[in-house]
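Scroll down for the structure; my scribbles are underneath it.
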Amino acid sequence: MQEEQLLDSSERQEISKFKETIVSHLKKWPWIALCVFVCVVVSYFYLESKPNQYKVESKVYIKKNQQFSDPNELLIGGRNSFRRSSRIDDEAIIFKSFPLIRSTLKELKFDVTYRKKEGLRTIELYKKSPIILGFDRKLNAQIPLEINIEVSPSSVNDFRLVTSAPFEEESLDGIYKFNQPIQLGSFSFEIRKNSDAETSSMFDDTYFVSFNSIETISYSYRNMLNFEEIEGVSSILTMSMNTSVPEKSIDFINSLIHKYIEQNLDEKNKVAENTVAFIDRQLEIISDSLNNKEANLEDFKSSDQMASLSMEGQMLIEKYSEIETEKAGYEIRQQYYDYLKGSLKNKDGKNLENLIAPSAFGIQDLIINDLVRRLIDLNLSKRKLVQDGNTKSPLIVQIESATDDLTRTLEGSINNLSKANKIVLNTLTKEQKR
């Protein structure tokens, strides 16, 4: 009986406490409701003022060289930093290189941005602005980076223009006509109507024109670019950006890829030009030698000795000519080996970038071709890192170490090939004399 009374007493106390809690919270309900209301309002305004974010993605096929494998694999073997096939990683570094991004943005003229208010948001009008600010980028060395220009069209011919701050101690606030030259300090410009955009409702809005430093936005775009490999497909590079203006990012990525292709073609053309120049120099030397020998042969043919030659003698002359032709090919190879040894001794980055591939001279040794290609790729990667301002990057130290290892390996291979080539040349010379 006592136990039942104790249980009833405990239940009554708990119910009493629960009622007290409810009552105390009910007294505060206006504050709770106010907090909820404020949170909802703040969230609404935040979401309304924040621009929508989109993901722009592009896949790039990195074509593997058919003659050469990865430029680091044989060279550094099992080093962890280059153990994976680094072809994709190298290309990602090239895509994010500062000079490449800067030239892309400069070509797209991203140094001018147009915006307008839309509700609580300020949206960018990429290719949709009814007005265009035109100026000569060559004549205007300095542009007003720290100010906004407000343009409010008032009629078909006129607009009001206001600068948000002085530029070179000069401000503007007045009515101007379209296509009229306007001077702001040393900066000369004009406002034109965009024939490609909708202009019927342009008089209802105010447009904000701002200027961007190409150098500054180059770093921003670098940071926005993301790269990843498709799992199991090492030759596909996925490039993506999170952006509030997808059309602008699409144009940027497409132009960046075109610039990358152009850069690769330029580098290949430089190698081809160096190869042609080297071949031309060798052809001059060989042509002079062949002309002299041809003249001597013609003199010999026209002499009395030729008339008395037997059939066997005629065959010997033909054999001699064949040996001379074969010998000329080995002499060209020897000159290439000497050229390559000289380039390796002078470890100037420019010389190593522009090395001529052995295959251009009929040298089909796969190891030598691979080693030369890898040496070229490493030095190109180093140059791009330096151009990008990464002079203190650990990757440069790794590339320099890899270059030293590769150079030693290549020097040993070239010395062996050169010795073998000289043996063949000596044999052919003895055969000629015989």
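The values are calculated or read from the model by the stated rules, or taken from the named source; none is laboratory data. Bear in mind the structure is a predicted one, so any value in this text is a computation, not a measurement. Here Cβ is always computed from backbone atoms with ideal geometry, including for glycine, and neighbour counts include all displayed protein chains.
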With the condition kept exactly as written, say whether any residue in segment 402-425 is at pLDDT 80 or above, part of a helix (DSSP H, G or I) and over 27 Å from Arg333 (Cα atoms). no
Checking Lys327, Lys345 in turn, the sole residue that is at pLDDT 75 or above, within 24 Å of Asp404 (Cα to Cα) and among the charged types (D, E, K, R) turns out to be Lys345
Cβ-Cβ under 8 Å pairs, at least 6 apart or on other chains, segment 414-434 side closer than 19 Å to Gln364 by Cβ, far side of a type outside the set (Val, Ile, Thr) and not in a helix (DSSP H, G or I): Leu417/Asp365
Among what's in segment 148-164 and is among the aliphatic types (A, V, I, L, M) and modelled with pLDDT of 90 or more, pick the residue that is nearest to Asp205 (Cα to Cα). Val151
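Here's the yes/no breakdown for (1) at pLDDT below 90; (2) in contact with a Cys (Cβ under 6 Å, 6 or more places away or on another chain); (3) surrounded by 15 or more Cβ atoms within 10 Å (Cβ to Cβ):
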| position | (1), (2), (3) |
| --- | --- |
| Asp204 | yes, no, no |
| Ile217 | no, no, yes |
| Asn226 | yes, no, no |
| Asp251 | no, no, yes |
| Ser255 | no, no, yes |
| Val271 | yes, no, yes |
| Asn274 | yes, no, yes |
| Ser287 | yes, no, no |
Subset of segment 348-365 that is at pLDDT 75 or above and surrounded by fewer than 17 Cβ atoms within 10 Å (Cβ to Cβ) - its residue that is farthest from Ala277 (Cα to Cα): Asp365
Do we have Ile368 as within 33 Å of the chain's Cα centre (by Cα), more than 23 Å from Asn274 (Cα to Cα) and buried (at least 17 other Cβ atoms within 10 Å of the Cβ) here? no
Quick check on Thr104: is it buried (at least 18 other Cβ atoms within 10 Å of the Cβ), assigned to a strand (DSSP E or B) and either in contact with a strand residue (DSSP E or B) (Cβ under 9 Å, 6 or more places away or on another chain) or modelled with pLDDT of 90 or more (or both)? no
From the residues in segment 161-181 that are under 17 Å from Ile132 (Cβ atoms) and not aromatic (Phe, Trp, Tyr), which one is surrounded by the fewest Cβ atoms within 10 Å (Cβ to Cβ)? Pro181
Would you pick out the residues in segment 229-249 that are at pLDDT below 85 and either outside the structural domain of Ser58 (by TED's automatic domain parsing) or within 15 Å of the chain's Cα centre (by Cα) (or both)? Leu237
